[in-house]
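Here is the structure we will look at, set down as structure tokens.
The values are calculated or read from the model by the stated rules, or taken from the named source; none is laboratory data. On a predicted model such as this, the values are computed, not experimentally measured, just so you know. Neighbour counts run over all protein chains shown; Cβ positions are idealised from the backbone, glycine included.
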Amino acid sequence: MSAATPNLSSLRINRDNPPPRSSRGGGWIRIALIVLALVVVGFIALRLVGSRARTVRIGSATATGGGTMSAEGISANGYVVARTKASVSAKIPGRLEYLGVSEGSKVKKGEVIARLESGDYAAQLASAHAQTAQVAAQLTQANRELQRAQALRADGLNSTLDLENAQTNVEVYEAQLKSMKAQEQLAEVNLENTRVRAPFDGTVLRKDAEVGEIVAPSSAGGGLTRTAIVTMADLGTLEVEVDVNEAYIAQVRNGQPSRITLDAYPDTSFRGAVRQVVPTADRQKATVLVKVAIQDRDPRILPEMGAKVVFLREGNAPSSAAPRRVTVPKDAVAQRDGHSVVWVVTDGVAHAIPVELGAAREDATEIRSGLQGGESIVLSPPGDLKDGARVRAAAGQ
């Protein structure tokens, strides 16, 4: 009996219908990846929202001392100024024809330092002279005719009307002559006004116009018209103006000896004396202006130099420091839980700092405690601003 031949077709792999794969493990992996992606996206969104800085207006807290008190006396800083100083301009408008001074020129009172084009004014004066001479000649002739009319009337050779007419002619020419002399005087004044003279003895500090430019009185200036030709000052009237803290102004008096030190020459001091304590205070700075005359004249002392003044005192009163005043703009003060606060910005983060308010001065408020001065603060803080919020300065600040 022969062996049966095996059916090999039953061993063929059917590739048309592959067996289904198990989905248990792959499904959980996909879910885990989706959840992880959502967590990452949420975390990033929270970071972006949390790090977004609010745009606010930022200012600063200002600290002023107004000077200090040492063993010698109160000291304050200021600048050298000239008590007698002027911007010299022409009395009439015109084109600058001549300028005879430069920076540093010394001039005397009444000296011609500049001149305007004067051809028109000279012609007007010449015309006025001629008309005055003509009317004067006519008046002379009228007086002769009056004398003749009076003689004829005495002899009965003319009428009373002829005499009255001769008298009228004389009066008319007298009135015309008076008017012409006034016009002649006006022409002389206009011609003189083309000459710009120094108002006092002094030194030219600055040239404000050049030859060829149109100049005019300060009340008529505008556009490209210059209103000043030179700026000059009497350097013999130099003094120092300083701001003294109002807390110590009672210790400064007129005539009080002082020591002046210039920033340019810190190793040299000059004697001074208080000339005037200005009878008003600066509400913004809480200071009073004091003018100190310089008694030691020195060519090194120039206007606008920085200077320090020590008001020397008598006796040995104990030394102390001038009170430090801190002020902030009024719109920087906010109310929080019934307390006054100022939002201080540090490293881009805003914090509410409780403060004690002092006197209000125009658009600023004094801070008695809570700030040291120099802090960056939020102006007009939003009502929903939270402590620790990130902020940034508005554009243009």
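Results for (1) free of Cβ contacts under 8 Å to residues at least 60 places away in the same chain; (2) not in a strand (DSSP E or B), shown as yes or no for each residue.
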| residue | (1), (2) |
| --- | --- |
| 172 | yes, yes |
| 177 | yes, yes |
| 181 | yes, yes |
| 184 | yes, yes |
| 190 | no, yes |
| 200 | no, yes |
| 203 | no, no |
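Go through the residues of the range 113-127 one by one and say whether even a single one is β-branched (Val, Ile, Thr) and assigned to a helix (DSSP H, G or I). There is no residue in the range 113-127 that is β-branched (Val, Ile, Thr) and assigned to a helix (DSSP H, G or I).
For the range 224-257, a tally of residues being in a helix (DSSP H, G or I) and in contact with a strand residue (DSSP E or B) (Cβ under 9 Å, 6 or more places away or on another chain) returns 5.
For the structure I just gave you, tell me whether residue 212 is closer than 29 Å to residue 110 by Cβ, assigned to a helix (DSSP H, G or I) and modelled with pLDDT under 95. It is false that residue 212 is closer than 29 Å to residue 110 by Cβ, assigned to a helix (DSSP H, G or I) and modelled with pLDDT under 95.
If you check 110, 156 for being at positive phi and in contact with a Lys or Arg (Cβ under 8 Å, 6 or more places away or on another chain), only one passes: 110.
From the list 140, 203, the one residue that fits, being assigned by TED's automatic domain parsing to the domain that holds residue 125 and hydroxyl-bearing (Ser, Thr, Tyr), is 140.
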